[in-house]
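Colleague: Here's a structure for you.
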Amino acid sequence: MTISIDSTTTPSNGKADKNGVHIKNGSTVSENNRAVDIGIAVRACDSEAVPGILKEISSFGTSPPTDLDTTRLELLANARALVRALETPRETMIKHNWAQPGCHTAITTCYNAGVFDVLKGGPMTVDEIAKGVGKNREVLARLLKHISAMGYVQETGSDEYAPTNFSTALTIPIIGDGYPCLAGGALRSGLHFHEYMENTNYATPNAELGPYQDAFDTKMNMFQYMVANPPLGKQFNHHMGGYRQGRPSWMDPTFYPVEKQLFTGFDTSPDAALLVDIGGSLGHDLEEFRTKYPDAPGRLVLQDLPEVIDTIQHLNPKIERMSYDFHTEQPVKAARAYYMHSVLHDWPDEVCKSILKQIVGAMKPGYSKLLINENVIPDKGADWQATALDMMMLTLFSSKERTLNDWHQLLESSEFGLKIVRVWNVQNSQESLIECELA
Ligand SMILES: C[S@@+](CC[C@H](N)C(=O)[O-])C[C@H]1O[C@@H](n2cnc3c(N)ncnc32)[C@H](O)[C@@H]1O
């Protein structure tokens with residue numbers, strides 16, 4: 001069967017451009033669709049691939065060691081490939097447009113209502129859950145039904161649910177807070193991005209008046225907006241603590257030889273700084289460093305905006321808290337290493353240069369290092385988590401996850417006199433450690 005779109009019919013409140021493309025509310029529909037048979041939308045996306053994927057999966061045996069992250073990730077990649085191959089395009093389209101956004105909505109609302117905290121003691125009925133959280137039963141029942149249909153809580157009876165490891169993990173604030181934080185202070189920008197691009201004729205987004213400012217009708221950047229709209233700021237800081245859990249960490253000896261690169265040759269004078277974490281949020285990285293290297297010499301300094309530093313409740317007393325705006329003079333001079341984790345990706349090159357200028361001004365030639373913990377997007381075969389983050393950077397900050405070439409261009413720009421000494425990485429890590437020194 002062939003569907004046809006009547007080329008003489010323009011949507012009543014839409015318009016057609018000179019290519020015959022219908023434009024309505026910022027969306028476009030190409031008339032080329034007329035050539036495609038609807039049958040393709042209702043058959044498995046790639047039945048021919050299914051036997052090969054199943055063979056690959058069966059090669060893992062009946063009880064693969066899923067505690068080994070490499071095995072687990074390979075199996076997961078195959079399982080995802082199997083789902084994509086078996087789903088029809090129509091099903092995938094419905095999943096993207098109804099099921100996944102609906103699931104995010106349902107989880108966010110239940111999370112804010114405290115449902116997952118109560119459900120931890122389950123199985124329990126919706127009546128019991130609604131009573132436990134003191135909220136409207138009718139809506140909770142519908143939200144839970146969708147979360148269950150998506151497989152994230154377990155249905156144990158009619159309007160009765162049991163927790164899963166996923167729903168229980170949501171009760172840890174650094175895991176669960178990502179939902180209300182992104183729902184309230186971020187995702188709107190992505191939802192309106194296509195309109196922003198249409199309105200700007202697909203120009204590279206502008207950082208001052210970008211998609212975020214457009215969608216949120218604000219002059220603030222995302223950090224400022226979240227701080228100005230509590231509890232988004234606090235939730236964002238939790239999210240920063242959560243997204244990195246379980247990933248390979250640069251401070252592990254198999255990733256970066258910390259002792260050889262940082263401790264050897266360290267200036268042992270009393271006020272010498274070992275590591276300055278710039279834009280370090282609540283200090284999760286320095287906490288991890290302190291735990292992994294309890295006898296490390298020198299000061300550990302945590303720097304972030306005062307609104308963030310002032311919200312820190314628990315921090316190892318050996319870590320110094322310092323309110324600092326990274327566009328101003330770096331107060332800690334000649335540290336062994338200045339460190340930034342997921343900071344430069346938030347900003348376009350011009351803003352990064354302002355941040356880098358302050359660091360370079362404080363570095364001691366032949367001694368100080370700049371350590372950047374970020375994605376280095378490969379030319380081929382990029383990881384989906386890294387490209388997902390790139391979409392966030394594009395729509396939230398008009399910035400990007402950088403390729404190796406991008407990093408060379410930014411960091412080795414002649415105005416700084418920096419050179420990349422080495423890019424460190426390990427298997428299964430989306431992030432790298434880019435080690436720089438003054439040239
Ligand atoms: C994406 S978060 C990364 C946080 C942390 N490094 C991590 O990886 O979990 C970026 C951090 O930069 C901080 N930041 C934004 N603007 C800043 C500024 N002008 N000066 C200092 N820190 C800033 C934010 O408050 C936030 O904590």
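Colleague: Step by step: first the residues of segment 105-154, then only those that are β-branched (Val, Ile, Thr) and touching a residue at least 60 places away in the same chain (Cβ under 8 Å), then the one that is surrounded by the fewest Cβ atoms within 10 Å (Cβ to Cβ). Which residue is that?
Modeller: Applying the filter and picking the extreme gives Thr105.
Colleague: Mind checking which strands (runs of 3 or more DSSP E) fall wholly inside segment 316-399 and carry at least 2 residues that are away from the ligand (no atom under 16 Å from the Cβ) and of a type outside the set (Ser, Thr, Tyr)?
Modeller: Once the strands (runs of 3 or more DSSP E) in segment 316-399 are filtered for at least 2 residues that are away from the ligand (no atom under 16 Å from the Cβ) and of a type outside the set (Ser, Thr, Tyr), what remains is 369-377.
Colleague: On to the next question. Can you tell me which of Ala79, Ala85, Ala49 is more than 30 Å from Gln235 (Cα to Cα) and touching an Asp or Glu at 6+ places or on another chain (Cβ under 6 Å)?
Modeller: Details: Ala79 fails: touching an Asp or Glu at 6+ places or on another chain (Cβ under 6 Å); Ala49 fails: touching an Asp or Glu at 6+ places or on another chain (Cβ under 6 Å).
One residue alone meets the criteria, Ala85.
Colleague: Kindly provide the set of residues from segment 380-439 that are open to solvent by less than 70 Å² (accessible area, probe 1.4 Å), in contact with a strand residue (DSSP E or B) (Cβ under 9 Å, 6 or more places away or on another chain), within 25 Å of Gly210 (Cα to Cα) and not charged (D, E, K, R), ordered by number.
Modeller: Result: Ala386, Thr387, Leu389, Thr403, Trp407, Leu410, Leu411.
Colleague: Has segment 86-93 got at least one residue that is in contact with a helix residue (DSSP H, G or I) (Cβ under 7 Å, 6 or more places away or on another chain) and of a type in the set (Val, Ile, Thr)?
Modeller: Within segment 86-93 (the criterion being in contact with a helix residue (DSSP H, G or I) (Cβ under 7 Å, 6 or more places away or on another chain) and of a type in the set (Val, Ile, Thr)), the answer is yes, since at least one residue qualifies.
The values are calculated or read from the model by the stated rules, or taken from the named source; none is laboratory data. As the structure is a computational prediction, the values presented were derived from the model and not from experiment. Quick reminder, even Gly has a Cβ in these numbers, built from the backbone with ideal geometry, and neighbours come from all protein chains shown. Surface accessibility is based on the protein's heavy atoms, side chains included, excluding ligands, DNA and RNA. Shrake-Rupley method; radii C 1.70, N 1.55, O 1.52, S 1.80 Å.
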